[in-house]
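First comes the structure, then the notes that go with it.
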DNA sequence: TATTAAGGTAACTTTTATTGTTACATGAGG
DNA sequence: CCTCATGTAACAATAAAAGTTACCTTAATA
């Protein structure tokens, strides 16, 4: 199943942006994540709508952070990308009158809801500056 | 993104099987989940490989449970269906030398690993007989 | 023994969402 | 006014599950 890599990609870009410290073009970003500028604009536009970045046209144009990375969490970015389910597990809805189908789906949904709550809580605890170079060793040196 | 509904569907079938108490044909199962017999055989074959069901050809053939539902957990079935990731979030692997990409992926992977461990633990705690008619009210009456 | 009812499986199509691409319009500097 | 940038529509490529068709094998039974 094809994965949604927008979160991973856009976080990568945002951390680079702060390090660069000037407007960054979609073309430059596209090289960072090995794709083309249109794909970049499509995703970055969602972050602009949520006011995490701004864009400007023309010479010396491009994208800029609208606030420091320390005030943005992974949850903020995840939510800005839109409400896609976090899970590959789908629930059937073919026989809504069947009590067995209901019981199965309720059990699966219980587990998914609990896991989703955990993930959103963890995402909310991680700010983007924690992904910057000064804290990288914290992750790289972890066992695993 | 298209969801994998095999777990939901096959659990539905397994609970019905015990209630029926005889060999059930792929055709009958297909009606239960609104699909066709080939799709059923494809998924059920994975459960047969893991010894949760058996199949027989010819007249009065079909599929039968190889053990009571009380000795099968949701985790058992999930594992029998093969190792597909539980999450729709994908990690990029385009610039493996980039420390920022590493830090981003490590942070996301941490969260996903924790959530996956929680889900597998919960799946392991739920046996299929808990989805039978005698316990259905436990799920249907839950607030949610 | 011939027929029928079942699973086994290969090969192909359909579906659906992300991702990739092309093309063109718009706006801001220089 | 020309160039550099974003904005966006329209379409193609990709990938995995699901759906479908076709044909084979095996077992019961008439």
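The values are calculated or read from the model by the stated rules, or taken from the named source; none is laboratory data. The structure displayed is predicted, hence computed values, not measured ones. Heads up, the Cβs are rebuilt from the backbone with ideal geometry, glycines too, and the neighbour counts pull from every protein chain shown.
Looking at (1) touching a residue at least 24 places away in the same chain (Cβ under 8 Å); (2) within 16 Å of DNA strand D (Cβ to nearest atom), which is the only condition residue B:65 fails?
Looking at each condition in turn, residue B:65 falls short on (2).
Please work out which residue is farthest from residue B:8 (Cα to Cα), limiting yourself to region B:80-94 and to residues that are at the interface with chain A (Cβ under 7 Å from one of its Cβ atoms) and in a loop (DSSP other than H, G, I, E, B).
So in region B:80-94, the residues at the interface with chain A (Cβ under 7 Å from one of its Cβ atoms) come out as B:84-92, B:94.
Retained after the next criterion (residues that are in a loop (DSSP other than H, G, I, E, B)): B:84-86, B:88, B:90-92, B:94.
Details: B:84: 14, B:85: 16, B:86: 13, B:88: 17, B:90: 23, B:91: 26, B:92: 29, B:94: 34 Å.
Result: B:94.
Out of the residues in region B:17-32 that are touching a helix residue (DSSP H, G or I) at 6+ places or on another chain (Cβ under 9 Å) and within 13 Å of another protein chain (Cβ to nearest Cβ), which is nearest to DNA strand D (Cβ to nearest atom)?
Once the filter is applied, the top-ranked residue is B:30.
Could you tell me whether region A:3-13 includes any residue that is within 16 Å of the chain's Cα centre (by Cα), near DNA strand D (Cβ under 9 Å from one of its atoms) and either free of Cβ contacts under 8 Å to residues at least 24 places away in the same chain or surrounded by fewer than 16 Cβ atoms within 10 Å (Cβ to Cβ) (or both)?
Start the filter on region A:3-13 by keeping residues that are within 16 Å of the chain's Cα centre (by Cα), which leaves A:3-13.
When the remaining residues are screened for being near DNA strand D (Cβ under 9 Å from one of its atoms), the result is A:3.
Filter once more, keeping what is either free of Cβ contacts under 8 Å to residues at least 24 places away in the same chain or surrounded by fewer than 16 Cβ atoms within 10 Å (Cβ to Cβ) (or both): A:3.
Among the residues of region A:3-13, at least one is within 16 Å of the chain's Cα centre (by Cα), near DNA strand D (Cβ under 9 Å from one of its atoms) and either free of Cβ contacts under 8 Å to residues at least 24 places away in the same chain or surrounded by fewer than 16 Cβ atoms within 10 Å (Cβ to Cβ) (or both), which makes the answer yes.
For region A:19-40, which positions are more than 8 Å from DNA strand C (Cβ to nearest atom) and either surrounded by fewer than 16 Cβ atoms within 10 Å (Cβ to Cβ) or part of a loop (DSSP other than H, G, I, E, B) (or both)?
Narrowing region A:19-40 to residues more than 8 Å from DNA strand C (Cβ to nearest atom): A:19-32, A:40.
Those that are more than 8 Å from DNA strand C (Cβ to nearest atom) and either surrounded by fewer than 16 Cβ atoms within 10 Å (Cβ to Cβ) or part of a loop (DSSP other than H, G, I, E, B) (or both): A:19, A:20, A:21, A:22, A:23, A:25, A:27, A:31.
Residue check, residue A:77 against (1) near DNA strand D (Cβ under 10 Å from one of its atoms); (2) within 14 Å of chain B (Cβ to nearest Cβ); (3) touching a residue at least 24 places away in the same chain (Cβ under 8 Å), all met but one. Which one?
If we test residue A:77 against (1) near DNA strand D (Cβ under 10 Å from one of its atoms); (2) within 14 Å of chain B (Cβ to nearest Cβ); (3) touching a residue at least 24 places away in the same chain (Cβ under 8 Å), just (1) comes out false.
With respect to residue A:77, is the statement that it is under 19 Å from the mean Cα position of the chain (by Cα) and under 21 Å from residue B:102 (Cα atoms) true? If you could, list the steps in order and put the result at the bottom.
Working: under 19 Å from the mean Cα position of the chain (by Cα): yes; under 21 Å from residue B:102 (Cα atoms): yes.
Against the criterion (under 19 Å from the mean Cα position of the chain (by Cα) and under 21 Å from residue B:102 (Cα atoms)), residue A:77 qualifies.
Pairs under 7 Å by beta carbon, first residue more than 13 Å from residue B:11 (Cβ to Cβ) in region B:46-57, partner assigned to a loop (DSSP other than H, G, I, E, B) and more than 16 Å from DNA strand D (Cβ to nearest atom), six or more apart or different chains?
B:51/B:66; B:54/B:66
Starting from residues that are within 32 Å of the chain's Cα centre (by Cα) and more than 7 Å from every other protein chain (Cβ to nearest Cβ), keep the ones in region A:97-119 and report whichever is nearest to residue B:109 (Cα to Cα).
A:116
Looking only at region A:74-96, count every residue that is modelled with pLDDT of 90 or more and farther than 24 Å from residue B:110 by Cβ and tell me the total.
Keep residues of region A:74-96 that are modelled with pLDDT of 90 or more, which gives A:74-81, A:86-91.
The next check asks that each one be farther than 24 Å from residue B:110 by Cβ; those that pass are A:90-91.
So the count comes out to 2.
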